[in-house]
2 protein chains.
Amino acid sequence: MRPHARHEVRRTKARARYERETVHAILDAGRIAHIGFAVETPSIPPQPFVIPMLYVRHGDALLLHGSIASRLMKRLGDGVAACVSVTMVDGLVLARSHFHHSVNYRSVVLFGRARAVDDTAEKAAALACFVDALIPGRAAESRPADRNELAATMLLRFEIEDASAKVRDGGVKEDPADLALPYWAGVVPQSMRCDSPLADPSMEAGAALPPSVLRLLSAQEARA
Amino acid sequence: MRPHARHEVRRTKARARYERETVHAILDAGRIAHIGFAVETPSIPPQPFVIPMLYVRHGDALLLHGSIASRLMKRLGDGVAACVSVTMVDGLVLARSHFHHSVNYRSVVLFGRARAVDDTAEKAAALACFVDALIPGRAAESRPADRNELAATMLLRFEIEDASAKVRDGGVKEDPADLALPYWAGVVPQSMRCDSPLADPSMEAGAALPPSVLRLLSAQEARA
């Protein structure tokens with residue numbers, strides 16, 4: 001790697017990862033991307049924006065979608081320099097000292113540019129991917145987008161040019177002198193959980209949950 | 001509000017909130033801030049960075065901390081224009097059409113600038129706030145930072161100049177024509193949960209959990 005590339009992690013380097021599989025695995029586990037880019041207007045200097053968006057990883061790219069009426073989507077789709085970060089917290093790290101308190105986390109930072117995808121078939125396929133990213137198998141349990149819906153949807157493809165990941169896992173780090181202190185130390189793991197599904201009021205009472213939701217719930221039960 | 005201010009929500013305006021209490025409540029419930037700002041080097045044009053960081057809200061400001069050796073912290077502390085986004089996902093919204101699939105979420109976008117805080121007492125108090133933000137009451141159960149730790153810590157105060165929140169909650173939105181489709185529709189609520197705490201191997205076997213962790217777990221049980 002060239003020294004001091006924009007994606008080189010320079011603090012707590014022991015937590016840095018650059019392997020594509022690690023970056024992909026974190027992206028595939030995440031839900032929300034925070035996308036940063038500058039917006040310029042004639043009257044004010046470039047202003048950074050950070051916008052949360054759903055995303056789907058597609059090879060070495062992220063797919064993003066929004067309304068064709070969104071000025072921020074348009075700006076992004078113009079191919080401005082952008083940076084994307086995806087972060088998940090996996091636990092609270094409780095040390096005997098304030099200083100060593102931390103969280104376990106997985107994060108990626110990506111550098112690249114987005115371009116609009118106008119092909120209707122690609123847009124329809126991408127929308128199905130977004131649905132399956134919410135819950136695998138759900139796209140087959142709902143109606144694909146029609147022509148009007150596709151026309152109202154802006155699809156962007158963000159090509160990952162450089163990427164790094166940072167992972168903190170495992171236990172507490174302590175100063176040896178602190179080990180004698182009368183304080184509890186340890187990790188409280190955290191994770192996202194699903195609560196009981198709420199059927200839409202338009203559903204018939206007692207309607208069975210669809211296979212996608214049942215699989216999600218049973219996978220969760222198996223992990224618990 | 002002035003038209004088209006940088007923090008004015010211009011898409012799905014029905015989800016927009018500007019009241020300070022709403023913005024504060026979302027910030028107080030969140031854990032990770034994604035902070036965007038431009039980094040310039042002599043050889044390349046301004047490059048946006050988005051960095052995930054722990055934070056604490058302090059009035060109309062966010063406190064951020066990191067190592068004094070961090071170039072990104074230094075850059076931020078120079079008072080460059082920055083944008084901060086905090087987002088939480090509260091559920092999966094499963095519609096009868098791909099197009100109306102969504103997530104329930106709470107997010108804020110803040111505009112402002114950060115400044116370094118050098119006062120040692122303020123830094124010590126801020127570190128205690130960070131610990132209590134992880135788990136309320138935990139600062140009293142661990143050792144405050146000493147002089148060396150404070151000297152190694154960079155504390156930034158990000159003043160919120162403009163803020164907006166966006167909230168999607170409630171049920172599924174459907175096209176009336178889709179109501180007859182044979183698909184399940186509803187919401188799968190999601191939330192962060194704690195799993196069983198893992199005591200550090202240095203702890204005596206059977207050591208009691210501290211009050212802060214016990215309160216966290218019983219509050220979680222009460223919600224379930």
Task: Cα gyration tensor category, rounded, prolate or oblate, for the protein assembly as shown with a/c compared to 1.5 - done: oblate
Open item on the list: Give me, ordered by chain and number, the residues 5 or more places off residue A:56 or on other chains with an amide H under 5 Å from its own placed amide H.
Closed with: A:63
- [ ] Would you mind giving the mean number of other chain beta-carbons within 10 Å of the Cβ of each residue in A:202-208, as a whole number?
- [x] 3
Task: Leading residue at positive end of dipole, chain B (Cβ point charges), from B:152, B:192, B:176 - done: B:176
Open item on the list: Rounded, prolate or oblate for chain B? Axes are the square roots of the Cα gyration tensor eigenvalues, ordered a ≥ b ≥ c, and the cut-off for rounded is a/c under 1.5.
Closed with: oblate
Open item on the list: Can you compute the charge dipole magnitude of the protein assembly as shown about its Cα centre, using +1 on each Lys and Arg Cβ and -1 on each Asp and Glu Cβ, nothing else charged? Give it in debye, rounded to the nearest 20.
Closed with: 780
Task: Residue-averaged beta-carbon neighbours from other chains (10 angstrom radius) around B:136-149 - done: 4
Task: Inter-chain Cβ neighbour average for residues A:47-58, partner chain, 10 Å - done: 6
- [ ] Take the alpha-carbon centre of segment B:1-59, take the same for segment B:156-201, and report the distance between them in whole Å.
- [x] 18
- [ ] Mind ranking A:104-116, A:71-83 by how tightly packed they are, going by the mean number of other C-beta atoms within 10 angstrom, highest first?
- [x] A:104-116, A:71-83
- [ ] Return a whole-number percent for the relative contact order of chain B, with Cα pairs under 8 Å and 6 or more residues apart as the contact set.
- [x] 24
TODO: Eight or more residues apart or on different chains, and alpha-carbon atoms under 23 Å: count the Lys pairs in the protein assembly as shown matching that.
DONE: 12
Open item on the list: Given all pairs of different Cα atoms, what value in angstroms does the Kirkwood hydrodynamic radius of segment B:48-89 take?
Closed with: 11.7
Task: Residue-averaged [θ]222 nm for chain A, counting only DSSP H segments that reach four residues, each worth -39500 (n - 2.57) - done: -6500 deg cm²/dmol
TODO: Over segment A:93-199, consider all pairs of different Cα atoms and compute the Kirkwood hydrodynamic radius from their mean reciprocal separation; express it in Å, one decimal.
DONE: 18.6
Task: Cβ crowding within 10 Å averaged over residues, with A:120-131, A:143-154 ranked highest first - done: A:120-131, A:143-154
TODO: First check a/c for segment A:159-222, with a ≥ b ≥ c the square roots of the eigenvalues of its C-alpha gyration tensor; if it is under 1.5, answer rounded, and if not, answer prolate when a/b is larger than b/c or oblate otherwise.
DONE: oblate
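Any read-out appearing in this document is the output of simple, stated calculations on the displayed coordinates, not a laboratory observation. Predicted model only: the values in this text are computed from it and were never measured. Note that we place each Cβ from the backbone using ideal geometry, even for glycine, and neighbour counts take in every protein chain shown.
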